[in-house]
């Protein structure tokens, strides 16, 4: 009897591991080929420059254009973007806070209702911890659909002294002026 029970547990465990392997391969193969959820748009904003030790906020605005309620499943930060800062808190509070990156993303699971024709704003309260240029995406998943998401690119320049901070601010203003003149 014990042998049969162990065999059944082994088969179920093997099937679960096979499922995880298939999902990992599927996610890797499809890469960025996910489909945007119907009626959902998202934008992300943060200061372009911060100093090491300085606090700042990444604000992600998710809009539901449909006339039915949607659920924000998670808001994820790409590992390359998150390398320069520490998330100290998130509003609204996520159901789970990541202890490390999963498939190159820091996943903040949520079950936040997005009302019909409404908007939800997620704020990541952060502290800059390392100087450098950090680029990556914020990904928004809705209705627990793992292959439907919206990506918002972000860039953060972090500096560790006042001269570099002023230089970075000036370059940012010059880039913005050039875009306005060329646009």
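Couple of notes before you dig in:
- For the chain, built as a Gaussian network whose Cα springs stay under 10 Å, the top-fluctuating residue of 99, 49, 63: 99
- Within the chain, helix-based [θ] at 222 nm, where runs of 4 or more DSSP H residues each add -39,500 (n - 2.57), nearest 500: -10000 deg cm²/dmol
- Spacing of the modelled spin labels on residue 160 and residue 55, each 7 Å from Cα toward Cβ, amounts to 2.3 nm.
- Residues 117, 73, 48, ranked from the fewest to the most other C-beta atoms within 10 Å, line up as 117, 48, 73.
- Mean Cβ count within 10 Å, highest first, over the residues of peptides 15-22, 53-60: 53-60, 15-22
- Each of 138, 121 has some number of other Cβ atoms within 10 Å of its Cβ, and from fewest to most they run 121, 138.
- Computed from the C-beta positions of residue 88 and residue 1, the FRET efficiency with R₀ = 41 Å rounds to 0.15.
- Within region 40-159, DSSP assigns beta bridges of which about 95% are antiparallel (rounded to the nearest 5).
- Computed from the Cβ-Cβ distance with R0 of 35 Å, the FRET efficiency linking residue 22 to residue 181 stands at 0.10.
- Neighbour counts of other Cβ atoms within 10 Å put 93, 79 in the fewest-to-most order 93, 79.
- Listed candidates (1) 24; (2) 51; (3) 39 - label of the one calculated as percent of Cα pairs over 28 Å apart: (3)
- Model label sites at residue 146 and residue 65, defined 7 Å from Cα along the beta-carbon direction, differ in position by 2.8 nm.
The numbers here are math on the coordinates, done by the rules we state, and not lab data. Note that the structure is a prediction, hence the values are computed from the model and not measured. Here Cβ is always computed from backbone atoms with ideal geometry, including for glycine, and neighbour counts include all displayed protein chains.
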